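Undergrad: Would you mind keeping the following structure in view while I ask a few things?
The values are calculated or read from the model by the stated rules, or taken from the named source; none is laboratory data. This one's a predicted model, so the numbers in the text were calculated from it and none came from an experiment. In this analysis, Cβ positions are derived from the backbone assuming ideal geometry, glycine residues included, and neighbour counts consider all displayed protein chains.
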Amino acid sequence: MNHRKLGNSGFEVSEIGLGCWQLGGDWGDAKSKDAAYAILNAASQNGVTFFDTADVYGGGHSETLIGAFLKETGHSIHVATKFGRFGDVYPNGYTEAALRKAVDASRSRLQVESLDLLQLHCIPLQELRKGAVFDWLRKIKAEGLIRNFGASVESVAEGLICLEQDGLTSLQVIFNIFRQKLVNELLPQAKEKGVGIIVRLPLASGLLTGKFTQSTSFQNNDHRNYNKDGQAFNVGETFAGVPFDQGVDLAEKIKRDFLPAGLTMTQLALRWILNHEAVSTIIPGASSPEQAIANTKVSDIGPLSGELLDSLRKFYDNEVKDKIRGPY
């Protein structure tokens, strides 16, 4: 497993991390403790040193599982969590007291004295513009309750506002072959300022695995069913904002026209992201230990050719970008 610096944090993280939303049981098949531990262990045993979670995932269940797992196993893992979408803080309940309460609760569930990285969790644009929440984060960091702070954002505009803040360690962004707008401005500015980039939805909720068909269906409690058109939250968080039926066709075209011999669609999608030097780590989720292990192997794949990158950029410009919905 290769490693990269995470912004100004002072530590390195594995290129492939683990997204832990699904462990909270908010969508799809609920994970038992044993099933969750199996996934966490498979990742950590195969070089993953970065887990990403949030207080809202399962109402704290994901954090609790991770905290107990690390306490029991002693694995050395950097854990990032988030604040801003749990309880009554969203959309207009942001106060220093609410932030402190959330920090204390996350520390307790993760069983740590200080959080490695606390990220704002897609909080409203107006709150980012006010800037007060960053003052609170800097104060709490100075007190030693968090080691680093960052922000998970939904749009380039939000990311650029965050980059203006002193002390920002990282930005978490939606970035994949279907969602390339960030290449032009956000990624270069983050790299220049020494801010790490954490990539979520690298596979566009599974579309970029190339395994879905027009007849693929999802469980009622799966966000790929109940939020496919943005019914519950930002549509960009599901299928990267691309309508499902069109996304299936676009993935088929990638498979047919651009997939190099010897690579799977998943490997191509993840390796494409790693070709961008501004990226610190990718956080694909995993529904099984086997999937977690397979994701880690992408770190061993060499860079994609410039010709392929150019072809995929033209494909995005000509066939994808106008289909993306939601803040971007």
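Undergrad: Out of all the residues in region 120-156, which are under 28 Å from Arg313 (Cβ atoms), touching a residue at least 40 places away in the same chain (Cβ under 8 Å) and of a type outside the set (S, T, N, Q)?
TA: Listed by number, the residues that qualify are Cys122, Gly150, Glu154, Val156.
Undergrad: Pick out the one residue from Lys33, Lys82, Lys71 that is surrounded by fewer than 18 Cβ atoms within 10 Å (Cβ to Cβ) and either of a type in the set (Ser, Thr, Tyr) or over 19 Å from Pro289 (Cβ atoms) (or both).
TA: Residue meeting the stated conditions: Lys71.
Undergrad: Name, by its number, the condition in (1) of a type in the set (Val, Ile, Thr); (2) farther than 20 Å from Gln22 by Cα; (3) under 20 Å from the mean Cα position of the chain (by Cα) that does not hold for Val248.
TA: Unmet for Val248, out of (1) of a type in the set (Val, Ile, Thr); (2) farther than 20 Å from Gln22 by Cα; (3) under 20 Å from the mean Cα position of the chain (by Cα): (3).
Undergrad: Filter region 183-232 down to the residues that are closer than 17 Å to Trp272 by Cβ and free of Cβ contacts under 8 Å to residues at least 40 places away in the same chain, then identify the one that is farthest from the chain's Cα centre (by Cα).
TA: The extreme case among them is Asn184.
Undergrad: If you don't mind, another one. Among the residues of region 163-181, count how many are buried (at least 23 other Cβ atoms within 10 Å of the Cβ) and without any contact (Cβ under 8 Å) to a residue 40 or more places away in the chain.
TA: 2
Listed here are the residues, each with its yes/no results for (1) in contact with an Asp or Glu (Cβ under 8 Å, 6 or more places away or on another chain); (2) surrounded by 19 or more Cβ atoms within 10 Å (Cβ to Cβ); (3) not in a helix (DSSP H, G or I).
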| residue | (1), (2), (3) |
| --- | --- |
| Val199 | no, yes, yes |
| Phe218 | no, no, yes |
| Ala232 | no, no, yes |
| Gly262 | no, no, yes |
| Pro284 | no, yes, yes |
| Lys314 | no, no, no |
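Undergrad: Condition first: outside any strand (DSSP E or B), touching a strand residue (DSSP E or B) at 6+ places or on another chain (Cβ under 7 Å) and either basic (Lys, Arg) or under 17 Å from Ala80 (Cα atoms) (or both). Now tell me which residues in region 168-196 satisfy that.
TA: Passing the criteria: only Val195.
Undergrad: While we're looking at this one, here's another question. Would it be correct to say that Pro327 is modelled with pLDDT of 95 or more and surrounded by fewer than 21 Cβ atoms within 10 Å (Cβ to Cβ)?
TA: Here the answer is no, as Pro327 does not meet what is asked.
Undergrad: Only residues that are surrounded by fewer than 20 Cβ atoms within 10 Å (Cβ to Cβ) and touching a Leu at 6+ places or on another chain (Cβ under 8 Å): list them for region 114-126, please. Show your work before the answer.
TA: Residues of region 114-126 that are surrounded by fewer than 20 Cβ atoms within 10 Å (Cβ to Cβ), as a first pass: 114, 124-126.
Scanning region 114-126 gives a single hit, Ser114.
Undergrad: So, Leu65, is that one touching a residue at least 24 places away in the same chain (Cβ under 8 Å) and within 23 Å of Thr296 (Cα to Cα) or not?
TA: Answer is yes for this residue.
Undergrad: Can you find a residue in region 38-51 that is under 17 Å from Asn221 (Cα atoms) and not aromatic (Phe, Trp, Tyr)?
TA: At the first step, the residues of region 38-51 found to be under 17 Å from Asn221 (Cα atoms) are none.
Checking region 38-51: not a single residue is under 17 Å from Asn221 (Cα atoms) and not aromatic (Phe, Trp, Tyr).
Undergrad: For Arg129, indicate whether it is in contact with a Leu (Cβ under 8 Å, 6 or more places away or on another chain) and not small (Gly, Ala, Ser).
TA: no
Undergrad: Go through Gly93, Gly59 for me and flag whichever is more than 23 Å from Gly196 (Cα to Cα) and either at pLDDT below 95 or part of a helix (DSSP H, G or I) (or both). Please lay out each step first, then the result.
TA: On the way: Gly93 fails: either at pLDDT below 95 or part of a helix (DSSP H, G or I) (or both).
Just one listed residue meets the conditions, Gly59.
Undergrad: Is it the case, given these coordinates, that Glu307 is free of Cβ contacts under 8 Å to residues at least 24 places away in the same chain, charged (D, E, K, R) and surrounded by fewer than 20 Cβ atoms within 10 Å (Cβ to Cβ)?
TA: Taking the combined requirement at face value, the residue satisfies it.
Undergrad: Please determine, by comparing only the residues of region 75-90 that are among the small types (Gly, Ala, Ser) and at pLDDT 95 or above, which one is nearest to Phe149 (Cα to Cα).
TA: Ala80
To keep it simple, each residue is scored yes or no on (1) assigned to a helix (DSSP H, G or I); (2) farther than 30 Å from Lys33 by Cα.
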residue	(1), (2)
Val248	yes, yes
Lys253	yes, yes
Leu259	no, yes
Trp272	yes, yes
His276	no, yes
Thr281	no, no
Ser287	no, no
Gln291	yes, no
Val298	yes, no
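Undergrad: Next question, about the same structure. Restricting attention to region 150-157, does a residue exist that is within 15 Å of Ser9 (Cα to Cα), of a type outside the set (Ser, Thr, Tyr) and not in a loop (DSSP other than H, G, I, E, B)?
TA: yes
Undergrad: Part of a loop (DSSP other than H, G, I, E, B) and of a type in the set (Val, Ile, Thr): which single residue out of Val103, Val112, Val79 fits that description?
TA: Details: Val103 fails: part of a loop (DSSP other than H, G, I, E, B); Val79 fails: part of a loop (DSSP other than H, G, I, E, B).
Every option except Val112 fails the conditions.
Undergrad: If a residue must be under 20 Å from Gln119 (Cβ atoms) and of a type outside the set (A, V, I, L, M, F, W, C), how many such residues does region 21-79 contain?
TA: Of the residues in that region, 17 qualify.
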